[in-house]
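See below for the structure under consideration.
The values are calculated or read from the model by the stated rules, or taken from the named source; none is laboratory data. Everything numeric in this text was worked out from a predicted model, so none of it was measured. Cβ: placed from backbone, ideal geometry, glycine included. Neighbour counts: every protein chain shown. Keep in mind that these areas ignore ligands, DNA and RNA; they rest on the heavy atoms of the full protein, side chains included. Shrake-Rupley method; radii C 1.70, N 1.55, O 1.52, S 1.80 Å.
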Amino acid sequence: QVRVVESGGGLVQAGGSLRLSCAVSGITFRYADINWYHQALGKQRELVASITSRGKTNYADSVKGRFTISRADTKNAVYLQMNNLKPEDTAVYYCNARAKLLLEKGDYWGQGTQVTVSS
């Protein structure tokens, strides 16, 4: 069974930093693409950052230059370093693992971790 578990959320003042972690099991992690999404109350879920199995990264314009996604394949983990946080970053952050190998293809989601940025 595939498990995707986020951690690291919390309350932080504007300008502060948080590091989110995503632990993935049940798939061949090194071949998975990983995405971080966030969803603010009353808003659609939006892609924040992504990293492919080859390490290619992409970011939403709203976080580019402030957030960094990285992966540690030996730990089956992905991280989202969030710096210079803004109140508009407040949302539930979800880790999404996309398994690409033929026998395990799927799109798997964690339950989310709350990030709240105060002004």
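Mind listing whichever residues of the stretch 52-84 are free of Cβ contacts under 8 Å to residues at least 40 places away in the same chain and of a type in the set (S, T, N, Q)?
52, 57, 58, 62, 68, 70, 74
Quick one: which residue in 48, 12, 4 is in contact (Cβ under 8 Å) with a residue 60 or more places away in the chain and under 30 Å from residue 102 (Cβ atoms)?
Result of the check over 48, 12, 4: 4.
Considering each residue of the stretch 78-119, count those that are crowded, with 18+ Cβ neighbours inside 10 Å, aliphatic (A, V, I, L, M) and closer than 22 Å to residue 1 by Cβ, and give that number.
Selection size over the stretch 78-119: 3.
Quick one: which of 30, 45, 71, 54 is over 12 Å from residue 82 (Cα atoms), touching an Asp or Glu at 6+ places or on another chain (Cβ under 6 Å) and not β-branched (Val, Ile, Thr)?
Only one candidate passes the filter, namely 30.
In the stretch 25-74, what residues are charged (D, E, K, R) and open to solvent by 30 Å² or more (accessible area, probe 1.4 Å)?
30, 33, 43, 45, 46, 54, 56, 61, 64, 71, 73, listed by residue number.
How many of the residues in the stretch 70-119 are hydroxyl-bearing (Ser, Thr, Tyr) and either in contact with a His (Cβ under 6 Å, 6 or more places away or on another chain) or modelled with pLDDT under 95 (or both)?
Here the count works out to 3.
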